[in-house]
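Working notes, structure below.
The values are calculated or read from the model by the stated rules, or taken from the named source; none is laboratory data. None of these values were measured; they are calculated from a predicted model. For neighbour counting, all protein chains shown are included, and Cβ atoms are generated from backbone atoms with ideal geometry for every residue, glycine included. Side chains are part of the model used for accessible areas, which takes the heavy atoms of the whole protein and leaves out ligands, DNA and RNA. Shrake-Rupley method; radii C 1.70, N 1.55, O 1.52, S 1.80 Å.
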Amino acid sequence: MGGYELLIKPSAVKEIERINGKANRRRVVGRIQDLANDPRPTGCRKLVGRERYRVRQGAYRIVYAVDDRERTVLIVKVGRRGDVYRRGPE
């Protein structure tokens with residue numbers, strides 16, 4: 001049982017489904033699940049100019065927001081490093 005509730009945007013679910021390789025997808029999903037217990041793990045970085053964080057899992061990045069008052073972690077974007085930081089509709 002985690003201390004935070006995980007919420008995943010529908011667009012992030014689609015990005016997870018597009019990850020090549022079952023093992024890679026499983027590792028990314030495991031890393032996301034770990035955020036429920038520790039939303040700011042060792043190695044996470046706060047993104048400049050936003051109230052968002054990112055954590056690495058191999059070649060993939062997971063971008064998320066933490067709401068400590070509501071105790072939620074919202075997964076915003078999942079993708080490879082070159083793609084995940086591009087601003088788009090949010």
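For the reader, a short list of remarks on this structure follows.
- Gyration tensor verdict on segment 1-52 (Cα atoms; rounded if a/c is under 1.5, prolate if a/b is larger than b/c, oblate otherwise): prolate
- Percent accessible area from carbon and sulfur atoms, the chain, protein chains only, probe 1.4 Å: 46
- Charged-residue dipole, Cβ positions (Lys, Arg, Asp, Glu), the chain about Cα centre, Debye nearest 20: 540
- Sequence-distant residues sharing a close amide H with Leu47 (under 5 Å, placed H): Arg52, Tyr53, Arg54
- Distances between placed amide hydrogens fall under 5 Å for Leu7 paired with Val73, Leu74, Ile75, all partners being 5 or more residues away or on another chain.
- Across segment 56-63, coupling constants 3J(HN,Hα) worked out from phi with the 6.51/-1.76/1.60 Karplus curve, θ = phi - 60°, read 9, 9, x, 7, 9, 10, 10, 9 Hz, and Gly and Pro carry x.
- The residues of segment 29-68 expose, per residue, 55 Å² of accessible area to a 1.4 Å probe.
- Across segment 9-16, computed HN-Hα scalar couplings (Karplus, 6.51 cos²θ - 1.76 cosθ + 1.60, θ = phi - 60°) run 4, x, 5, 5, 4, 5, 5, 5 Hz from first to last residue, x flagging Gly and Pro.
- For the chain, the C-alpha radius of gyration divided by 2.2 N^0.38 Å, with N the number of residues, is 1.00.
- Our coupling estimate for segment 25-30, obtained by passing each phi through the Karplus curve with A = 6.51, B = -1.76, C = 1.60 and θ = phi - 60°, is 4, 5, 5, 5, 4, x Hz, Gly and Pro reported as x.
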